[in-house]
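J.: Below is the structure I would like to discuss, written out as structure tokens.
The values are calculated or read from the model by the stated rules, or taken from the named source; none is laboratory data. Quick caveat: nothing in here was measured; it's all calculated off a predicted structure. Methodologically, a virtual Cβ is constructed for each residue, glycine included, from the backbone with ideal geometry; neighbour enumeration extends over all protein chains shown.
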Amino acid sequence: MKSANLLMIVYAILLSTAGCRGYAFVETPTTDGFHSKLPSPYTRAVVWGGRPDTIQSASTWLLKKGILVVDQTKVLQAAADQKVSLTGYQYIETDVLRMAKLVGARLVVFSNAEVGSWDALDWSAGFPRSQRVYSATISLRAVDVNTGEIEWSGKAQSTERFGNIEEGVSLLTCHALATAWGMRNPGSTAPENICPPGSGLMTSEVSLPRPQAPPAASSSPSSHSSTNY
């Protein structure tokens, strides 16, 4: 009987400390970035990298800024015609720049994603359940195909783990680009509307309470994995 009462007390403490703890990505990421110059409207650019979600998010953001984004298939076709391999993650950047120039692009925006993942406990429903959570760092830099100069660069790093990898990557991509273009300052603070709803990028509309203790954030070290794209 005492054992059952003790378990109930422990469970109540866990609920009170965890509250509605979930892994919604609500924290503003930490960023850094710079630009020496920004592209004029209708500049043709290629977005290149290993993760389709990062490429899509960056392409959407740039299109909304008036940049003409060249589809990757045109670059791949030019590479095939030149018998140059650009498949996989081990591409040579000078080859990408050369092929991008052939299809009329002036810039190549290289994207890189470092993603870690864990199995963790989610308490948002009032009881523990296993969930895959992530942390990520997204880096982007724009290189002139003629000179090889880096015109702008941005980086965003998640400040806590999140459950939806696509939305998390999109939010990080948005903040990295906004920092590179001078629309927000480097660091951990940013305007709330920096990634507005309907932009095709993830925004946080509901804030969940932050727990006082970390039982929900416990994760299995053996389940950690990290990928670099």
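J.: Residue by residue through the range 35-72, note down the ones that are in a strand (DSSP E or B) and either out of contact with any Gly (no Cβ under 8 Å at 6 or more places or on another chain) or at pLDDT below 95 (or both).
T.: Matches in the range 35-72: Ala45, Val46, Val47, Trp48, Leu68, Val69.
J.: Next question. What residue, of Thr43, Thr73, Thr60, is surrounded by fewer than 22 Cβ atoms within 10 Å (Cβ to Cβ) and within 17 Å of Ile194 (Cβ to Cβ)?
T.: Result: Thr60 is the single residue among Thr43, Thr73, Thr60 that is surrounded by fewer than 22 Cβ atoms within 10 Å (Cβ to Cβ) and within 17 Å of Ile194 (Cβ to Cβ).
J.: Considering each residue of the range 125-150, count those that are out of contact with any helix residue (DSSP H, G or I) (no Cβ under 9 Å at 6 or more places or on another chain) and modelled with pLDDT of 90 or more, and give that number.
T.: The total comes to 3.
J.: Got a number for residues in the range 149-197 being under 21 Å from Val47 (Cβ atoms), among the aliphatic types (A, V, I, L, M), in contact with a His (Cβ under 9 Å, 6 or more places away or on another chain) and touching a residue at least 40 places away in the same chain (Cβ under 8 Å)?
T.: Final tally of qualifying residues: 2.
J.: Continuing with this model, one more query. Taking the stated definitions as given, is Ala4 among the hydrophobic types (A, V, I, L, M, F, W, C), touching a Leu at 6+ places or on another chain (Cβ under 7 Å) and modelled with pLDDT under 95?
T.: The answer is no for Ala4.
J.: Determine whether the range 126-133 contains at least one residue that is touching a Phe, Trp or Tyr at 6+ places or on another chain (Cβ under 7 Å) and polar (S, T, N, Q).
T.: Checked the range 126-133: at least one residue is touching a Phe, Trp or Tyr at 6+ places or on another chain (Cβ under 7 Å) and polar (S, T, N, Q).
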